[in-house]
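To start, the structure under review is shown below, and the notes come after it.
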Amino acid sequence: MRKLVLKMEVTLDCFVAATDGNQDWLFKFNDEGVSDFVMDTISNAGLHLMGSRVFNNMLSYWPFSDQVFAAPMNNIPKAVYTRGQANLKPDFEKAVSGFKMAGITKTVRQLKDTPGSAEKLAGWQNAQVLNGDLNAAIKKLKKQSGKYILVQGGSGFAQALSAANLVDEYRIITYPVTLGKGLPLFGAGTKPLELKLIQTHVFQSGTIAQVYQPK
């Protein structure tokens, strides 16, 4: 039986993104300590599980990236949960926008010509596609052997997992910025949770990582 770990980057007012999905604040307060914490969380996962929207965003970014997190993001097996038809094709215009947000200018042609991108894309396009009842699908994954299941991003998907009591550990990285409004980590319909604080990490940038488990 393996656990499900939810890693989410949030603002001080607990939004995972602006209402339009923008997360440019992520790049303003990263430092070496934050990067090390994120790398440790990603690299030790046995499976990356994402909702369909986040999956397509990442599919349209990481196979073309040479950034520090690219290797584990591309190499670790993946699964995508969708209520409809899974889109396993990269959106190159979205990819250009994603790199621009990270302060990197690339054209569609440059992305398509990225060395090794075809092989990396294949790893994403071979992702296990899950649909149907969320509770049943996740419990089936948990029964498999291996290292923990890592969920990253997607406020709606995170809320659904929390509501179904499927999250075994929360790794919340809080950035020293507020948005006022946006996509919340815990929405209005989220059930009350009692959590136990396991670890706290304070980084030089003022960003804080906290690890919680349900009581």
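If S205 passes every condition in (1) touching a Ser or Thr at 6+ places or on another chain (Cβ under 7 Å); (2) assigned to a loop (DSSP other than H, G, I, E, B) but one, which one does it miss?
For S205, the exception is condition (1).
So the check is Cβ under 6 Å with 6+ separation or different chains; which pairs have a first residue in the stretch 39-57 that's touching a residue at least 24 places away in the same chain (Cβ under 8 Å) and a second one that's in a helix (DSSP H, G or I) and of a type in the set (S, T, Y)?
Pairs found: none.
Scan the stretch 38-51 residue by residue and report those that are buried (at least 20 other Cβ atoms within 10 Å of the Cβ) and within 23 Å of L134 (Cα to Cα).
If the condition is that a residue be buried (at least 20 other Cβ atoms within 10 Å of the Cβ) and within 23 Å of L134 (Cα to Cα), then A45, L47, H48, L49, M50, G51 are the ones that fit.
Can you tell me which residue among V68, V96 is β-branched (V, I, T) and under 18 Å from the mean Cα position of the chain (by Cα)?
V68
Pick from the stretch 1-37 the residues that are touching a Lys or Arg at 6+ places or on another chain (Cβ under 9 Å) and of a type in the set (K, R): which of them is surrounded by the fewest Cβ atoms within 10 Å (Cβ to Cβ)?
K3
Out of the stretch 1-58, which residues are farther than 22 Å from A79 by Cβ, among the β-branched types (V, I, T) and out of contact with any Gly (no Cβ under 9 Å at 6 or more places or on another chain)?
Answer for the stretch 1-58, where residues must be farther than 22 Å from A79 by Cβ, among the β-branched types (V, I, T) and out of contact with any Gly (no Cβ under 9 Å at 6 or more places or on another chain): V10, V34.
For (1) touching a residue at least 40 places away in the same chain (Cβ under 8 Å); (2) in a helix (DSSP H, G or I), each residue gets a yes or a no:
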| position | (1), (2) |
| --- | --- |
| L121 | yes, yes |
| A136 | no, yes |
| L141 | yes, yes |
| S145 | yes, no |
| L150 | yes, no |
| Q159 | no, yes |
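What strands (runs of 3 or more DSSP E) completely inside the stretch 1-57 contain at least 2 residues that are within 20 Å of T200 (Cβ to Cβ)?
Result: 4-11.
Please state which of the following conditions A95 fails to meet, knowing it meets all the rest: (1) touching a Phe, Trp or Tyr at 6+ places or on another chain (Cβ under 8 Å); (2) of a type outside the set (S, T, Y); (3) exposed (fewer than 11 other Cβ atoms within 10 Å of the Cβ).
(3)
Under 26 Å from P176 (Cα atoms), small (G, A, S) and out of contact with any Leu (no Cβ under 6 Å at 6 or more places or on another chain): is that true of S35 in this structure?
yes
Identify, from the list A86, A79, the residue that is among the small types (G, A, S), in contact (Cβ under 8 Å) with a residue 24 or more places away in the chain and assigned to a loop (DSSP other than H, G, I, E, B).
A86
Restricting attention to the stretch 63-72, report how many residues are assigned to a helix (DSSP H, G or I) and surrounded by fewer than 23 Cβ atoms within 10 Å (Cβ to Cβ).
3
Rule-based calculations on the coordinates, nothing more; no lab input. These figures come from a predicted structure and were not determined experimentally. Neighbour counts run over all protein chains shown; Cβ positions are idealised from the backbone, glycine included.
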